[in-house]
Amino acid sequence: MSTDQINWEHDARGLTFAIVVARFNGDITEKLLDGAKRALERAGAESYEVFHVPGAFELPLAAKLLAHTHAFHGIIALGAVIRGGTPHFDYVAGEAARGLQQVALETGLPVAFGVLTTDNVEQAEARTDKGFDAAMTAIEMARVARVIALSGAKAARS
Ligand code: INI
């Protein structure tokens, strides 16, 4: 996604977001965070709050706790899981993806998956613009959720 392009579906005015970011591989995840903040600010988000967790494995629980506050229109989850020749990679990456999707489906709150899963640090470094993209996805899905809610309310009245 171009970092210069803001289309109507990425207008974040009136919307509030939570960003939850893993400290593990922090050199990478702080760049993801910078990108996500830049996207939200450029799109005119009303506000956003940042929450740090130890690693990508902890992202789903933090997202669930945030969803239950009902304070946000969307959540952006950021992490970097780098293979490094250990089976731990598959567990951490798999559970982060599964858990974040579960939170979105169970709570109905958009949760953007901004977790890099790469073989090495170089590949992760090359993909740090995914933080920007994840924030854009969260904005678009927050808008979709709002449109669906309004359509449902209108249909119920008619
Ligand atoms: N956490 C990450 O965010 N990225 C990784 O690459 C990673 N690796 O490779 O182990 C990682 N592990 C920590 C994990 O997320 C948990 O914090 C830990 O298992 C404690 O629950």
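The values are calculated or read from the model by the stated rules, or taken from the named source; none is laboratory data. Just so it is clear, the structure is predicted and the values come from calculations on it, not from any experiment. Here Cβ is always computed from backbone atoms with ideal geometry, including for glycine, and neighbour counts include all displayed protein chains. Surface areas here come from the heavy atoms of the whole protein model, side chains and all, with no ligands, DNA or RNA. Shrake-Rupley method; radii C 1.70, N 1.55, O 1.52, S 1.80 Å.
Using the 2.2 N^0.38 Å rule of thumb for compact globular proteins, work out how the chain stacks up: its C-alpha Rg over that value, please.
Ratio of Rg to 2.2 N^0.38 Å for the chain: 1.04.
So what is the accessible area of the range 1-116 per residue, in Å², with the probe set to 1.4 Å?
Values: 5840 Å² over 116 residues.
I get 50 Å² per residue for this part.
Could you compute the FRET efficiency for His88 and Phe51, with r as their C-beta to C-beta distance and R0 at 30 Å, rounded to 0.05?
On the way: r = 23 Å, r/R0 = 0.78.
Efficiency, from the Cβ-Cβ distance: 0.80.
Once you have all Cα-Cα distances for the range 70-158, histogram them in 5 Å bins from zero and send the whole-percent values.
3, 14, 18, 19, 16, 11, 8, 5, 3, 2, 1, 0
Please give, to one decimal in nm, the separation of the simple spin-label points placed at Ala156 and His70, each 7 Å out from Cα toward the Cβ.
According to this spin-label approximation, the distance is 1.3 nm.
For the range 16-157, calculate the relative contact order in percent as a whole number, restricting contacts to Cα pairs under 8 Å that are 6 or more residues apart.
31
Run the quick spin-label model on Asp119 and Val144: label points 7 Å from Cα toward the beta carbon, then report their separation in nm to one decimal.
In this crude spin-label approximation the distance works out to 3.1 nm.
For the range 29-34, what does the Karplus curve 6.51 cos²θ - 1.76 cosθ + 1.60, with θ = phi - 60°, yield as ³J(HN,Hα) per residue in whole Hz, taken in order and with x for Gly and Pro?
My calculation for the range 29-34 gives 5, 5, 6, 4, 5, 4 Hz in order.
Could you tell me what percent of the accessible area of the chain is made up of carbon and sulfur, with a 1.4 Å probe and every protein chain present?
On the way: 4630 of 8410 Å².
Its accessible area is 55 percent carbon and sulfur atoms.
Which whole-Hz ³J(HN,Hα) couplings does the range 108-122 yield from phi under the Karplus relation 6.51 cos²θ - 1.76 cosθ + 1.60, θ = phi - 60°, glycine and proline marked x?
With coefficients 6.51, -1.76 and 1.60, one gets x, 9, x, 10, 8, 9, x, 10, 6, 10, 9, 7, 8, 5, 4 Hz.
Can you show me the helix-derived [θ] at 222 nm for the chain, built from DSSP H runs with n ≥ 4 at -39,500 (n - 2.57) apiece and divided by the number of residues, rounded to the nearest 500.
One gets -16500 deg cm²/dmol as the mean residue ellipticity at 222 nm.
Count the net charge of all other residues whose Cβ sits under 12 Å from the Cβ of Phe89, scoring Lys and Arg as +1 and Asp and Glu as -1.
-2
Over all distinct alpha-carbon pairs, what is the Kirkwood Rh of the range 44-85 in angstrom?
Answer for the range 44-85: a Kirkwood hydrodynamic radius of 11.9 Å.
Figure the gain on full extension for Leu61 and Asp27 (residue separation times 0.36 nm, minus the Cα-Cα span) and round it to one decimal in nm.
10.0 nm
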